[in-house]
Amino acid sequence: MAWKQSSTVLLFKKGDKEDLADYRPITLLPVLYKVFTRCVLARIRRTPEEAQPVKQADFHRLSLVMTFIDYKKAFDSVEPVKVWEALEEQGVERIYVDLLRECYSDGTTVFHPFYNDVVEAVRKRERQGDPILPNLFSACLKHIIRRCNFSNFGVNIDGVHLNHLRFADDIVLILTLQNTLPRCCIT
């Protein structure tokens, strides 16, 4: 299918121009694919969770430990089967999970080094610019966090129990000094 065909360009970041590790691959996805995945995303996105603003943590003396976790190549590190499991666990209809599974199977990308076209199978899930990818990763994180017992950890701020913050592939675990890191985060 043409909408599964992408084009990848390498953008130089810094360092040695002869070293491929110093380049960032940017995948240019077909507009049809982006429109399609945005439609699927609109169908599967749940009503945003009620977010109560954290106003003031008062001026209590409280010793906190904050552990910052930043995954390297985060979106690329999740196994597809775990993505589909996470989506199903979170109530996404099977038809949409199957549609997304199809979107992520048998894709190809074209590199254009030195004016030659090189077609490669997409072996990893990460495709820069994919509109649904951050949501898929977030669903996986939610799947993992649900399995961790964080009930005894964190702080109470303005009536809200806060034990972690997530933004894309960054996580902050919030603990008081008397707490220890949850066992599931260590193993």
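Remarks
- Check on V40, of a type in the set (V, I, T), touching a residue at least 24 places away in the same chain (Cβ under 8 Å), out of contact with any Gly (no Cβ under 9 Å at 6 or more places or on another chain) and not in a strand (DSSP E or B): yes
- Evaluation of V118 against (1) at pLDDT 80 or above; (2) touching a strand residue (DSSP E or B) at 6+ places or on another chain (Cβ under 6 Å) (one fails), failing number: (1)
- Screening I144 against (1) outside any helix (DSSP H, G or I); (2) modelled with pLDDT of 80 or more; (3) of a type outside the set (S, T, N, Q); (4) more than 30 Å from S7 (Cα to Cα) leaves a single unmet condition, (1).
- Test for V119: is it loosely packed, with under 12 Cβ neighbours inside 10 Å and touching a Ser or Thr at 6+ places or on another chain (Cβ under 7 Å): yes
- Taking segment 156-177 as the range and being modelled with pLDDT under 80, hydrophobic (A, V, I, L, M, F, W, C) and touching a Ser or Thr at 6+ places or on another chain (Cβ under 9 Å) as the test, the residues that pass are A168, L175, L177.
- Those residues of segment 15-68 which are modelled with pLDDT of 80 or more, out of contact with any Leu (no Cβ under 9 Å at 6 or more places or on another chain) and of a type in the set (D, E, K, R), in sequence order: D16, K17, E18, D19, D22, K34, R38, R43
- Among the residues of segment 77-96, those that are in a helix (DSSP H, G or I) and surrounded by fewer than 18 Cβ atoms within 10 Å (Cβ to Cβ) comprise S77, P80, V81, K82, E85, E88, E89, R94, I95, Y96.
The values are calculated or read from the model by the stated rules, or taken from the named source; none is laboratory data. Since this is a predicted model, take the numbers as computed values, not measurements. We place every Cβ from the backbone using ideal geometry, glycine too, and count neighbours over all the protein chains shown.
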